Amino acid sequence: MTDVLIAVALLLVAGAATAAVLNRDPVRQALVLSFLGLTLALLFTFLQAPDVALSQLAVGSAVTPLMILLTVRKVRRRPGSGDGVDKPAGRER
């Protein structure tokens, strides 16, 4: 029974990792990365490593995606021309 759970968890991890790589939107990538962290924590639990699972749960599924989302929010709200390139003063047309 344990082998089946480990195999299912490995398939979930592989699927979530593939989905994280294939997504182009940073917000969706962060959400998929959070799901990947959850599936890895589940896998570590099945492999009888509860301390690693708790660390993965905290860092991989909560802190890292939150930092990515905050960074994306900060970059998207940047004042200026909207194209991400600041033009020097005095060169406006």
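Brief remarks follow.
- Principal axes of region 25-84: Cα extent on each, largest first, Å: 53, 17, 10
- Solvent-accessible heavy-atom area per residue, rounded to whole Å², over region 1-43 at 1.4 Å: 63 Å²
- Apportionment of accessible area to carbon and sulfur, region 6-78, percent (1.4 Å): 71 percent
- Residue-wise HN-Hα coupling along region 43-57, computed from phi with Karplus coefficients 6.51, -1.76, 1.60 (Hz; x: Gly, Pro): 4, 5, 5, 5, 8, 6, 10, x, 5, 5, 5, 5, 5, 5, 4
- Packing rank of 30-43, 54-67, where each peptide gets the mean count of other beta carbons within 10 Å, highest leading: 30-43, 54-67
- Across region 24-40, rounded Karplus estimates of 3J(HN,Hα) from the backbone phi angles (6.51 cos²θ - 1.76 cosθ + 1.60, θ = phi - 60°) give 9, 7, x, 5, 5, 4, 5, 5, 5, 5, 5, 5, 4, x, 5, 5, 5 Hz, Gly and Pro being marked x.
- Applying 0.36 nm per residue to the separation of Arg28 and Thr71 and subtracting their alpha-carbon distance, the gain on full extension is 14.1 nm.
The values are calculated or read from the model by the stated rules, or taken from the named source; none is laboratory data. Quick caveat: nothing in here was measured; it's all calculated off a predicted structure. As a convention, Cβ positions derive from the backbone with ideal geometry for all residues, glycine included, and neighbour counts pool all protein chains shown. Ligands, DNA and RNA are stripped out before the accessible areas are found, and what is left, the full protein with its side chains, is counted by its heavy atoms. Shrake-Rupley method; radii C 1.70, N 1.55, O 1.52, S 1.80 Å.
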